[in-house]
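Notes for the one structure printed next.
The values are calculated or read from the model by the stated rules, or taken from the named source; none is laboratory data. On a predicted model such as this, the values are computed, not experimentally measured, just so you know. Every residue, glycine as well, gets a Cβ built from its backbone with ideal geometry; the counts of neighbours run over all protein chains shown. Heads up: the accessible areas ignore ligands, DNA and RNA and are worked out on the full protein's heavy atoms, side chains in. Shrake-Rupley method; radii C 1.70, N 1.55, O 1.52, S 1.80 Å.
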Amino acid sequence: MRDRSRPAGRRALDRSHAAVAQRRRTRQDTGDGPATAGEPADLAETAATDAEGLLTNAKHALRRAHDKATAQRAQGEHDGRGRLARAIDDLEDLLTATRRITAQTRQRLAGQTSDGATRRVSLHDPDARSIA
């Protein structure tokens with residue numbers, strides 16, 4: 001799985017620098033156009049697709065670990081399945097949140113506003129709400 005945080009950060013920084021340069025030239029506040037504003041959503045979608053492959057492999061590993069667990073318990077060893085199961089659950093939650101946030105981003109770029117009661121604003125805190 002590829003770490004896509006560096007390209008996302010570079011693109012955000014490039015857009016920020018371009019907006020500052022434009023404001024200096026024209027002394028006007030310029031916003032991002034739809035083409036550049038969707039790039040982080042595209043990167044997030046690509047990363048989520050890559051992570052789905054990782055999740056599939058992790059689930060296979062958990063099944064194999066489950067098969068070996070009986071033998072390990074008989075020898076008094078710790079099988080480590082709990083940590084793997086928790087990691088899989090965390091990754092599934094993160095993928096669900098990422099997909100939802102990217103869908104909301106695309107909806108917002110299309111000019112529609114999602115319902116505030118169901119809007120997801122944080123990857124790590126599902127109950128977080130935006131400040132009006």
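Could you list, ordered by first residue, the pairs with Cβ atoms under 7 Å in which the first is in segment 40-60 and under 18 Å from R100 (Cα atoms) and the second is among the β-branched types (V, I, T), at least 6 apart or interchain?
Taking only residues 6 or more apart or on different chains, the pairs are A41/T102; A41/T105; A44/T98; A44/T102; E45/T102; A48/T98; L55/I88.
For the condition at pLDDT below 80, surrounded by 10 or more Cβ atoms within 10 Å (Cβ to Cβ) and among the hydrophobic types (A, V, I, L, M, F, W, C), what is the one hit in A103, A87, A69?
Testing whether each residue is at pLDDT below 80, surrounded by 10 or more Cβ atoms within 10 Å (Cβ to Cβ) and among the hydrophobic types (A, V, I, L, M, F, W, C) leaves just A69.
Out of everything in segment 106-125 that is open to solvent by 60 Å² or more (accessible area, probe 1.4 Å) and in contact with a helix residue (DSSP H, G or I) (Cβ under 7 Å, 6 or more places away or on another chain), what residue ends up being modelled with the lowest pLDDT?
Looking at residues that are open to solvent by 60 Å² or more (accessible area, probe 1.4 Å) and in contact with a helix residue (DSSP H, G or I) (Cβ under 7 Å, 6 or more places away or on another chain), I get L123.
Pull up segment 72-84, narrow it to residues that are open to solvent by less than 100 Å² (accessible area, probe 1.4 Å) and in a helix (DSSP H, G or I), then point me to the one that is modelled with the highest pLDDT.
So the residue we want is L84.
Taking segment 48-66 on its own, how many of its residues are more than 30 Å from D127 (Cα to Cα), open to solvent by less than 60 Å² (accessible area, probe 1.4 Å) and modelled with pLDDT of 85 or more?
So the count comes out to 1.
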